[in-house]
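Enquirer: Before anything else, here's the structure in question.
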Amino acid sequence: MLQLVLTLIIYLILVIPVGRYLYHIAAGKHTFADPVFDRVDGAIYKLSGINPRQGMNWKQYAMALVGTNAAMIAIGYIILRIQSIPLLNPNGIEGMEPTLAFNTIISFMTNTNLQHYSGESGLSYLSQMLVIIFMMFVSAASGYAACVAFIRGLAGKTKDNVGNFFADLVRITTRVLLPFSLVGGLLLVWQGVPQNFSGNVIVRTLEGTYQVLAMGPVAALEIIKHLGTNGGGFFGANSATPMENPTILSNLIELYAMMLLPGACVIVFGKMVGDSRRQHQTSKAPENILPVQREGIAARLLGKEGRSIFLAMSILFLVGLSLCYWAEQQSNPALAEIGLSQSAGSMEGKEVRFGIAQSALFTTVTTSFTTGTVNNMHDTLTPLGGMVPLLHMMLNCVFGGKGVGLMNMILYAILAVFICGLMVGRTPEYLGKKIEGREMKLTALAIIIHPLLILAFSALAVATAAGRAGMTNPGFHGLSQVLYEYASAAANNGSGFEGLADNTYFWNITTGIVMFLGRYLPIVIQLAIAGSLMKKNYVNESAGTLRTSTVSFAVILVFVVYIFAALTFFPALALGPIAEHLTLWG
Amino acid sequence: MNETTNKNAFFHGLRQSLVVTFLLLLLCGFVFPVLLSGISAVVFPRQANGSVVYADGQAVGAANVGQDFTEPYFMKGRPSAYHYNTYYEDEQGNQYYNDGSAFAGLGSGSNNYAPSNPALTERVEADIQAFLEANPDVKREDIPADLMTASGSGLDPHITPESARIQIPALAAASGLSEEELEQIVADNTEGRLLGVFGEETVHVLGVNLDIAKAMGLVGDASK
């Protein structure tokens, strides 16, 4: 318990400076490292003919994002298919089968990292580097770029300029992801994560048997996997393997690496929105400026609007973490029945060095921050413990990965403002802009896509023999496996109830489609909402305005998220994890 | 806007997309991993090469990866769905895990049995039976849970101190070492929590067995 509290307190201390740095990058402000990075970026701009100061409207921005991602998909697909060439392939890995390559490339471009292959036997080092590591950088950078453009739209400094996509992509990669990865990667090697290009090593054990030891450029993949909230492991068992995650310290490094940037995004949001509000007020009526109010420390660090969003996300996160930790500490009644002591909690699928506490924390974080890396096997979690990661992927707004979680949460905020407006008769406004029919329609559409993808495809899988063939656990848990797979695909999370036998045409193709739609539809719609809001004029705050920077708004937001989840997902959850829980404890 | 400017804008956008893709591919997919390898090889050469453990100059395992032990005088780790990638070869070169099933090649993971899966209960029951046979002094309800449950990776190098302690009487009988010696070996290979707070207390099984082998005179010198 104490270690969980301390881990989270350290996070809160770390996220503030990272948020400030990210804000400087996003807003194009000066940072201490500019002299170096300006040269690197300048060279890239020059070679590719980019004018970083040329603004784009939301449509051009979305087109540039989708177009660039398409180019990346094409190159990556070719490399996966021809990876058997003897270049950086010491273990003689074969080329990848077409539907699996399709699934893999969509999975990594959309930042999902659902893996229907096992890294040990499925990928050469060349693919691990040029496809996986490369995609981990650029899919994260694409997501953050979209988020920054979205925030610019909401902050609304201009009427239609959301920034230059290529400049955002390059700046985030060179100034945030690469330097952080280099330092973090070295720390991981220090803790024992391999980083080399030699083939697997076979040793003769003390008993005269043999053991194969996996090698490869693991640390390089490992750090960006977390920093970019990607989640796809070098090896099949991901961050549970001691090569990827050898010590408790490496576990904490990976934990913070995946938590820092999504949290920092909220700070960027709070600061950028706060900036333009202030600017707007001073320019409009300089004589009426209210005396500077004494702001609380959280408001100063996070921005007022950022604070309520951060608070709402934190409440959702802590509720989930508590449930998961409690559930995993409970025994497994089936094992207690055959006389195995269960005082240590449910240890099946968990590593001794992480124990129950750090496993539950990692599980909740990886699905809240939509990374998808695992340090224990989610399929073996207790029913309620496994429901938490499932639920958080269904919510998809508890911090969320690579900026997308923040964008989803803003949609819920718009929804909350609208619902409250209806209930108490106030004009729905958010961040000083009126929420009208067009925004509400787009918001409803974006929010409904996610459950639609999960539930419709789960229904399809359960209804077809090809889908049912994937279930490997009997009873209610089989349905949980299916739900989990599509929730993970739609939320672009990438963790799995790994027992699912998913490397088949059916699963490769359907999850590929879900990941693609789950990624690009919401991003385009969200940019459209920002584009629509930024065209509007500010409305002056009046007595009729619902203030969104308050604690009570954060609480309302939490309830809106839970009510929406209950209305859409409760029946499915009742048939999966809840029913399994009741059978075990019944 | 007329058609030519539209077309030009399209090709300009295409060029930007393609060249940026190529440059980032080079930078993130090649320069970064190679640079990190280079620095690691100089600063942390042992870890970068997989922390291989040697005994009498021969590589016998890796510090972070568990192993499948069968000899009665060696401490046992947790069950593994991949038998820790440990195998033996017969004369024809066929490869088998220690339990006689065919070696599946390098892998990692667990059986992914749900808590409600009867296969889990069966596997645990069989392991308990085998363990009680090998450790006749132990009572069923005293067996710690981690020793009978599989890890997530199938490569967990650790067990809990309780799981180590409970094996000592049988190990002493099989190895000829005294229980005090074995307790000392376990203590030497036990690591506490980080700063006394983070993580769990662990016993490193390969480390224990290297020390047992040394004490029994099976190997002369070992580096861990």
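The values are calculated or read from the model by the stated rules, or taken from the named source; none is laboratory data. Small disclaimer: the values here were computed from a predicted structure and weren't measured. Cβ placement follows ideal geometry from the backbone for every residue including glycine, while neighbour counts extend to all protein chains displayed.
Enquirer: Could you grab me the full set of residues in the stretch A:244-279 that are assigned to a helix (DSSP H, G or I) and within 14 Å of chain B (Cβ to nearest Cβ)? Talk me through it step by step, then tell me what you get.
Expert: Of the stretch A:244-279, the ones assigned to a helix (DSSP H, G or I) are A:248-279.
A:248, A:249, A:250, A:251, A:252, A:253, A:254, A:255, A:256 - these are the residues of the stretch A:244-279 that are assigned to a helix (DSSP H, G or I) and within 14 Å of chain B (Cβ to nearest Cβ).
Residues checked against (1) touching a residue at least 60 places away in the same chain (Cβ under 8 Å); (2) more than 10 Å from chain B (Cβ to nearest Cβ); (3) surrounded by 22 or more Cβ atoms within 10 Å (Cβ to Cβ):
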{"residue": "A:304", "(1), (2), (3)": "yes, yes, no"}
{"residue": "A:309", "(1), (2), (3)": "yes, yes, yes"}
{"residue": "A:312", "(1), (2), (3)": "yes, yes, yes"}
{"residue": "A:317", "(1), (2), (3)": "yes, yes, no"}
{"residue": "A:324", "(1), (2), (3)": "yes, yes, yes"}
{"residue": "A:345", "(1), (2), (3)": "no, no, yes"}
{"residue": "A:352", "(1), (2), (3)": "no, no, yes"}
{"residue": "A:355", "(1), (2), (3)": "no, no, yes"}
{"residue": "A:369", "(1), (2), (3)": "yes, yes, yes"}
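Enquirer: Name the helices (runs of 4 or more DSSP H) wholly inside the stretch A:402-490 in which the number of residues that are of a type in the set (Ser, Thr, Tyr) and over 20 Å from residue A:110 (Cβ atoms) is 1 or more.
Expert: Numbers: elements: A:404-424, A:437-463, A:465-468, A:476-490.
So the answer is A:404-424, A:437-463, A:476-490.
Enquirer: A further question on this structure: If I ask for residues that are among the polar types (S, T, N, Q), more than 14 Å from chain A (Cβ to nearest Cβ) and more than 21 Å from the chain's Cα centre (by Cα), which ones from the stretch B:145-196 would you list?
Expert: Initial filter on the stretch B:145-196 (among the polar types (S, T, N, Q)): B:149, B:151, B:153, B:160, B:163, B:167, B:175, B:178, B:184, B:189-190.
Those still in the list that are more than 14 Å from chain A (Cβ to nearest Cβ) too: B:167, B:178, B:184.
Residues satisfying the conditions are B:178, B:184.
Enquirer: Quick check on this structure: which one of B:48, B:41 is surrounded by 14 or more Cβ atoms within 10 Å (Cβ to Cβ), more than 7 Å from every other protein chain (Cβ to nearest Cβ) and out of contact with any Lys or Arg (no Cβ under 7 Å at 6 or more places or on another chain)?
Expert: On the way: B:48 fails: more than 7 Å from every other protein chain (Cβ to nearest Cβ).
Criteria check complete, one pass: B:41.
Enquirer: What are the pairs with Cβ atoms under 6 angstrom where one residue, in the stretch A:195-217, is more than 7 Å from chain B (Cβ to nearest Cβ) and the other, located anywhere, is surrounded by fewer than 15 Cβ atoms within 10 Å (Cβ to Cβ) and modelled with pLDDT under 95? Sequence gap at least six, or different chains.
Expert: As it stands, the answer is A:199/A:90, since those pairs meet every condition given.
Enquirer: Pull out all pairs, ordered by first then second residue, where Cβ-Cβ is under 6 Å, the residues are six or more apart or on different chains, the first lies in the stretch A:529-557 and is closer than 16 Å to residue A:274 by Cβ, and the second is assigned to a helix (DSSP H, G or I).
Expert: A:538/A:280; A:549/A:304; A:549/A:305; A:549/A:308; A:553/A:308
Enquirer: Right, next: What about residue A:252, is it of a type in the set (A, V, I, L, M) and over 19 Å from residue A:172 (Cβ atoms)? Even if it seems obvious, please write down each step before you answer.
Expert: Working: of a type in the set (A, V, I, L, M): yes; over 19 Å from residue A:172 (Cβ atoms): yes.
For residue A:252, the condition - of a type in the set (A, V, I, L, M) and over 19 Å from residue A:172 (Cβ atoms) - is met.
Enquirer: Restricting to the stretch A:473-489, and then to whatever is more than 16 Å from residue A:522 (Cβ to Cβ) and touching a Phe, Trp or Tyr at 6+ places or on another chain (Cβ under 9 Å), can you tell me which residue is modelled with the lowest pLDDT?
Expert: Keep residues of the stretch A:473-489 that are more than 16 Å from residue A:522 (Cβ to Cβ), which gives A:473-485.
Right, trim to touching a Phe, Trp or Tyr at 6+ places or on another chain (Cβ under 9 Å) and you get A:473, A:477, A:480-485.
Details: A:473: 88, A:477: 93, A:480: 94, A:481: 94, A:482: 95, A:483: 94, A:484: 94, A:485: 94.
Top of the filtered list is A:473.
This table checks each residue for (1) more than 25 Å from the chain's Cα centre (by Cα); (2) part of a helix (DSSP H, G or I); (3) within 20 Å of residue A:429 (Cβ to Cβ).
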site: A:552; (1), (2), (3): yes, yes, yes
site: A:556; (1), (2), (3): no, yes, yes
site: A:563; (1), (2), (3): no, yes, no
site: A:566; (1), (2), (3): no, yes, no
site: A:569; (1), (2), (3): no, yes, no
site: A:572; (1), (2), (3): no, yes, no
site: A:575; (1), (2), (3): yes, yes, no
site: A:581; (1), (2), (3): yes, yes, no
site: A:584; (1), (2), (3): yes, yes, no
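Enquirer: Let me ask you something else. Going residue by residue through the stretch A:156-164, is there one that turns out to be in a helix (DSSP H, G or I) and either within 11 Å of another protein chain (Cβ to nearest Cβ) or modelled with pLDDT under 95 (or both)? Spell out the reasoning first.
Expert: Step one: of the stretch A:156-164, the residues in a helix (DSSP H, G or I) are none.
Scanning the stretch A:156-164 turns up no residue that is in a helix (DSSP H, G or I) and either within 11 Å of another protein chain (Cβ to nearest Cβ) or modelled with pLDDT under 95 (or both).
Enquirer: Within the stretch B:131-157, which residues are over 17 Å from residue B:82 (Cβ atoms) and either hydrophobic (A, V, I, L, M, F, W, C) or touching a residue at least 40 places away in the same chain (Cβ under 8 Å) (or both)? Reasoning before the result, please.
Expert: Let us first name the residues in the stretch B:131-157 that are over 17 Å from residue B:82 (Cβ atoms), namely B:131-148.
Selection gives B:131, B:132, B:134, B:138, B:143, B:145, B:146, B:147, B:148.
Enquirer: Show the residue pairs that are 6+ apart or on different chains and have beta-carbon atoms under 8 Å apart, the first residue being within the stretch A:393-405 and in contact (Cβ under 8 Å) with a residue 12 or more places away in the chain, the second being among the aromatic types (Phe, Trp, Tyr) and surrounded by fewer than 24 Cβ atoms within 10 Å (Cβ to Cβ).
Expert: A:394/A:569; A:397/A:412; A:398/A:317; A:399/A:317
Enquirer: For the stretch B:91-138, which positions are in a loop (DSSP other than H, G, I, E, B) and of a type in the set (A, V, I, L, M, F, W, C)?
Expert: We begin by selecting, within the stretch B:91-138, every residue in a loop (DSSP other than H, G, I, E, B); these are B:91-94, B:97-101, B:103-117, B:135-138.
Matches in the stretch B:91-138: B:103, B:104, B:106, B:114, B:138.
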